[in-house]
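For reference, the structure is listed below as structure tokens.
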Amino acid sequence: MDFVEQFEKLKINFNVFTNKELAEKLEISESAVSVWTSRKKIPKKYLRYLENKNNINQNGNNNIGINHGNVNITNSNDELYALISKLSDKKKEYFYHLIKAEILKDEL
């Protein structure tokens, strides 16, 4: 897995979209996260979050099913991460809020 994939998975793991939000969740400075992106390397202690997440996924269900009318579309988590990583930060934030709004609407 390359840096971009790892970085996006880390953001998804913490349910954040920006480097600033990730830094806050990890309780580190935003400049530390900037160093990761410039070096294209995440410190091992933070990669453990992904390893733990992967172990959980290997023991559980790796697929997400989306029922669209009569068509059942199933994508693996890796494919979903790859698709999300192609979006700009602004689009990720937009879709995050869109999904969050849908969840809140369902709870009403």
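Rule-based calculations on the coordinates, nothing more; no lab input. Because the structure is predicted, anything quoted here is derived from the model rather than measured.
Quick one: 3J(HN,Hα) in Hz for the stretch 19-25, Karplus 6.51/-1.76/1.60 with θ = phi - 60°, rounded, Gly and Pro as x.
Using θ = phi - 60°, the values come out as 5, 4, 5, 4, 4, 4, 5 Hz.
Report the full-extension gain for the segment Ala82 to Phe95: residue separation times 0.36 nm, less the Cα-Cα distance, to one decimal in nm.
Length gained between Ala82 and Phe95: 3.2 nm.
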